[in-house]
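A short write-up of the structure that comes next.
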Amino acid sequence: MKKTTPAFTLSKEAMITYGYEVVDAIAEHFDNMREKLPVASGSREEMDDLFLEDIPAHPLPPETVLQFVLEKVMAKSTNVAHPRAFSFVPGPSNFIGAMGDALASGYNIFSGGWAASPVAAELEIVTITWLLKLFGLPKKKGGGIFTSGGSMANLTAIATARRVKCGDDFSNAVIYMSDQAHSSNIKAIRTLGFRKDQVRIIPTDQEFKFGVSKLKNAIAKDRLLGLFPFCLIATAGTTNTGTVDPLSELAAICKQEDLWFHIDGAYGGAAILAHNGSTLLKGIKKADSLTVDPHKWFFQPYEIGCLLIRNHTWLKNTFTEKPEYLRDVEGNTSEINFYDHGIELTRRFRALKFYMTLKTFGLNAFKEAIDYNIELAEQVEDLLRNSRHWEVISPATLAVINFRYNAFQKVLSEEKLDALNQYISQKVIASKEALLVTTVLNKQVVLRMCLINPRTTLEDITDTLSLCEGFANEYLEQL
Ligand SMILES: Cc1ncc(COP(=O)(O)O)c(C=O)c1O
C-alpha cells in the first residue's frame, strides 16, 4: 500500500501539456490535410512488426506513448476525410465535431438514461427533432435514436418493424429489398434470426431503381403461398450509384399492402438539404423508419448514425426491458431513457458533436456544402463525357458517379476493359495519391467516386484522372 497518487492519474500540468499536444496534432491534421497522402497500406506482417508485443506490465512515460502513437498509428492511417478519398462512403469529418467527441469522452457522459444525464438526453431529443423536421416526419409523435452507424440504425429499424408488424411470431414473415440495398440490411436480417427464404431480393431496373412491378408480383405470390409480407426496405442514395428508389410509389404499395416502410438513407438522406432536396428525395416523409448517418454527409466524425421513426412509442415498445436495478431511474414519459429506445444500455454522448457542429456553422453551411458536392459530381460527369478516354456508366447522382476508362481507339474485349480498370484502381491506390476503388455495375468493373467531401476540388479530380490516364497508357502499352 505504498502508492500515494490514485491509479490512472496525471497532474493537472501533465494533463494540460499532453492535451495540448493531442489538440496540436489534430489541428495540424485538419490544416495540413491536402499536403498528405490519403492512402495508407500495410500487410499484416508489417503491422505485426510495428505493434506486436506482450501486454506491457510496467508504465512508460505518457509522452513516449503519445509520440509512438502519433508517428506509427495516426500518420499511418488511411485518411477518409482527405479531399482525394473518393471511395466507399468517405468520412469528411470536421474539427468542431472532433472536439465535441473529445468533450463527450473527456467527461465520460453516460447517455443511456434521463436520470444519469438529462442534458445528454435532451440534446439527443433536440437534434433528433431537428432531423424529423428536415425530413417532414411528425415532430411530436415521431422520435429516433443515435446509433454507432447506419448498420446499427438499420438493425434497430428492422427489429422494430418486426415487433410492430409480427409480434412474437415471425415464422411466415417476408421482407423485401432491392439488389442495390446496402449489405448491412441483409446482415441485420440474418442477425435477427430470419431464414434466407424469408428475404426477397428484387432486381433493379436499368437506372438501378427498385423494380416496382417485380415487387408487386413477389408480394402477390407470397400472399398466395400463405406467407406474411411485413416490411420493405427502400434506399435513398444507393451506395453504388447514389440512386433514389421511387419512394412515393413504394410508399403507396406499403400502404396498400400494410407493409412497414423503411428507407435506408444512410448516406443519401442528407441530400434533403440540397436546394432541390425535397424533389430529389420525394416521398421520404412517408417512411415509417428512416436511417440517416451524420457520420457520412453531415460531416461528423465516426461513430454517429441515426434512426428516425414515425412514432416514438414503436421504439419504446420494442426495446423496453425493466430490470430491478433500473427501477429507481425510470422518470416520467416525456423524459426519455434512450436505453429503452434501442439496443445499447451504456451509450456515449453522440448528440453532442452534431449539436455543436450545427450550432457553430449553422444549417446553411451544410446546405451549401451539399449543393457544392452535387454540382461537383455533375461537373465531373460533363468532363468525362467530353473526354475521348472515359465512359460514364452511371450518371452523377447525389454526388456519386461511376465511369470507366474505355480506349475507344482500340477495341478491347469486356474482360480486357475490366482488367484495365482494375489495373488503374490498383495503381492509383499503390501510388497513395488517391483512394479510388472499383465496383461492379451491369457486370462491368467500373471506377466509382463518392464526392461528399466539401474540401474536394475539381482540380483534385482532374489530377486523379490524369494519373489514371497515365496508368491506362501503361496497361495498353503492355498489350
Ligand atoms: C446506404 C447505406 N446504408 C448503410 C450503410 C452502413 O453504414 P455504417 O457503415 O455506418 O454502418 C452504408 C455505408 O456505407 C450505406 O451506404
Legend entry - Every pair of residues 6+ apart whose Cβ atoms lie under 6 Å, when the first sits in segment 296-320 and is in a loop (DSSP other than H, G, I, E, B) while the second is surrounded by fewer than 21 Cβ atoms within 10 Å (Cβ to Cβ) and of a type in the set (D, E, K, R): 311/141
Inset, instruction - Give segment 263-295 a look and list any residue that's within 11 Å of the ligand (Cβ to nearest atom) and in a helix (DSSP H, G or I), or say none. - result: 268, 269
Inset, instruction - State whether the residues of segment 403-413 include one that is at pLDDT 95 or above, touching a Lys or Arg at 6+ places or on another chain (Cβ under 6 Å) and not aliphatic (A, V, I, L, M). - result: no
Legend entry - Test set (1) on the phi > 0 side of the Ramachandran plot; (2) within 16 Å of the ligand (Cβ to nearest atom); (3) more than 20 Å from the chain's Cα centre (by Cα) - residue 242 fails condition number: (3)
Inset, instruction - Would you mind stating whether residue 393 is aliphatic (A, V, I, L, M), over 27 Å from residue 93 (Cα atoms), touching a strand residue (DSSP E or B) at 6+ places or on another chain (Cβ under 6 Å) and surrounded by 17 or more Cβ atoms within 10 Å (Cβ to Cβ)? - result: yes
Legend entry - Number of the condition not met by residue 255 [criteria: (1) farther than 15 Å from residue 243 by Cα; (2) in contact (Cβ under 8 Å) with a residue 40 or more places away in the chain; (3) of a type in the set (D, E, K, R)]: (2)
Inset, instruction - All but one of (1) surrounded by 15 or more Cβ atoms within 10 Å (Cβ to Cβ); (2) assigned to a loop (DSSP other than H, G, I, E, B) hold for residue 479, so report the exception by its number. - result: (1)
Inset, instruction - For residue 325, state whether it is of a type in the set (Ser, Thr, Tyr) and touching a Ser or Thr at 6+ places or on another chain (Cβ under 8 Å). - result: no
Inset, instruction - Those residues that are surrounded by fewer than 20 Cβ atoms within 10 Å (Cβ to Cβ) and more than 16 Å from the ligand (Cβ to nearest atom), I need them from segment 71-95; list them, please. - result: 71, 72, 73, 74, 75, 76, 77, 95
Legend entry - Flag if residue 263 is free of Cβ contacts under 8 Å to residues at least 40 places away in the same chain and crowded, with 17+ Cβ neighbours inside 10 Å: yes
Legend entry - Index of the failed condition, residue 30 passing every other in (1) touching a Phe, Trp or Tyr at 6+ places or on another chain (Cβ under 6 Å); (2) assigned to a loop (DSSP other than H, G, I, E, B); (3) not assigned by TED's automatic domain parsing to the domain that holds residue 301: (2)
Legend entry - residue 248 vs. criteria away from the ligand (no atom under 15 Å from the Cβ) and within 25 Å of residue 365 (Cβ to Cβ): no
Legend entry - Test: residue in segment 66-75 that is modelled with pLDDT under 95 and part of a loop (DSSP other than H, G, I, E, B): yes
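Only one residue in 369, 351 is in the same structural domain as residue 123 (by TED's automatic domain parsing), within 19 Å of the chain's Cα centre (by Cα) and closer than 30 Å to residue 105 by Cα, so which one is that? Write out each step before concluding.
Numbers: 369 fails: in the same structural domain as residue 123 (by TED's automatic domain parsing).
One residue alone meets the criteria, 351.
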Inset, instruction - Tell me, please, whether a residue that is modelled with pLDDT of 95 or more, touching a Ser or Thr at 6+ places or on another chain (Cβ under 9 Å) and within 16 Å of the ligand (Cβ to nearest atom) can be found in segment 308-319. - result: yes
Legend entry - Selection count where residues are free of Cβ contacts under 8 Å to residues at least 40 places away in the same chain and β-branched (Val, Ile, Thr), scope segment 387-443: 4
Inset, instruction - Report those helices (runs of 4 or more DSSP H) wholly inside segment 126-229 carrying at least 2 residues which are buried (at least 20 other Cβ atoms within 10 Å of the Cβ) and away from the ligand (no atom under 16 Å from the Cβ). - result: 150-166, 212-224
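The values are calculated or read from the model by the stated rules, or taken from the named source; none is laboratory data. Please read these numbers as outputs of a predicted model, since none were measured by experiment. Note that each Cβ is placed from the backbone with ideal geometry, even for glycine, and that neighbours are counted across all protein chains shown.
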